[in-house]
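**Student:** First the structure, which I've put down as structure tokens, then a few questions once you've had a look.
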Amino acid sequence: MAPRYRWLVRGAFLGFFIYLHFFALAPFRFILLNTFLGYIPIEIAFHYDQKQPPTIIFWLLVILWLLFYPNAPYLLTDLFHLSMLHPYDPTTGLIRFNLHMWLAYTNLIVAALSCTVLGFWSMEHTIQAVIVRLQLSETAITKSIFVILLTFLTSVGIFIGRFLRLHSIYLLLKPTQFIQPLLAMWHPRMLIFVFLMTLIQLVIYVCLQLFKQTTPNAKTLTKHTQQ
């Protein structure tokens, strides 16, 4: 990502954080914290290729990214909180036209989409940086293995955050406190949830890849126009 776009992303998220701090209303003030946590892996990914960081710094960045990345698609599960607005009119059964409700809907959608889509960019950028650092062959199979592995691990992280209520920052501050819950969480229902979340992420990722691969750039359009 070009530096000007990085600063555009940073400025947009900063403006969104300020807006949420002053205007997000209860019970949706949690969006600020969750969006901030979802932005962290995006910011980390900005630093992989700046002046070729030393090996130890690079791998520390990758580990930090891996710990915080599940917070990005985690915001997709926050959409369930819209039920707290009771969107359906009990008399008509139709969705209510309430601007407070639609404002909360907009805040959640913007937070979830921005963190998820840019989170996928950070994942792809991380994979690319790791492949280059390890001097692996950059093939579709290699990249696909990384994507499937990372989305699976991310789904495990989402389960941990959503149902065990263990956030990334707590795993850094008090890791020994959560060893037992992490060991005890593996059961068939948990694995089904992980499979579903992995499927959701892979579908979104593949759609974004298809969009990127099939959208002609300006040079291609100019070439076809000249012909």
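**Student:** How large is the accessible surface of Trp102 in square angstrom, using a 1.4 angstrom probe and rounding to the nearest 10?
**Tutor:** 90 Å²
**Student:** Continuing with the same structure: Each residue of the range 150-156 in order: what ³J(HN,Hα) in whole Hz does its phi give by Karplus 6.51 cos²θ - 1.76 cosθ + 1.60, θ = phi - 60°, with x for Gly and Pro?
**Tutor:** Working through the residues one at a time gives 5, 5, 5, 4, 5, 5, 4 Hz.
**Student:** While we're on this one: How much of Ser137 can a 1.4 Å solvent probe reach, expressed as accessible area in Å² and rounded to 10?
**Tutor:** In the full protein context, Ser137 sits at about 80 Å².
**Student:** Per-residue accessible area for Arg133 at 1.4 Å probe radius, Å² rounded to 10?
**Tutor:** Accessible surface of Arg133 is approximately 60 Å².
**Student:** What size of dipole, in debye to the nearest 20, comes out for the chain about its Cα centre when the only charges are +1 on Lys and Arg C-beta atoms and -1 on Asp and Glu C-beta atoms?
**Tutor:** Result for the chain is approximately 240 debye, rounded to the nearest 20.
**Student:** Further, regarding this structure: Given labels modelled 7 Å from the Cα in the Cβ direction, how far is it in nm from Leu164 to Arg6?
**Tutor:** 3.3 nm
**Student:** Compute the FRET efficiency between Arg29 and Ser144 as 1/(1 + (r/R0)^6), taking r as their Cβ-Cβ distance and R0 = 45 Å, and round to the nearest 0.05.
**Tutor:** So, using R0 = 45 Å, E works out to roughly 0.70.
The values are calculated or read from the model by the stated rules, or taken from the named source; none is laboratory data. Bear in mind the structure is a predicted one, so any value in this text is a computation, not a measurement. Cβ coordinates were reconstructed from backbone atoms using ideal geometry, including for glycine residues, and neighbour counts include every protein chain displayed. With ligands, DNA and RNA removed, areas are computed over all heavy atoms of the protein, side chains included. Shrake-Rupley method; radii C 1.70, N 1.55, O 1.52, S 1.80 Å.
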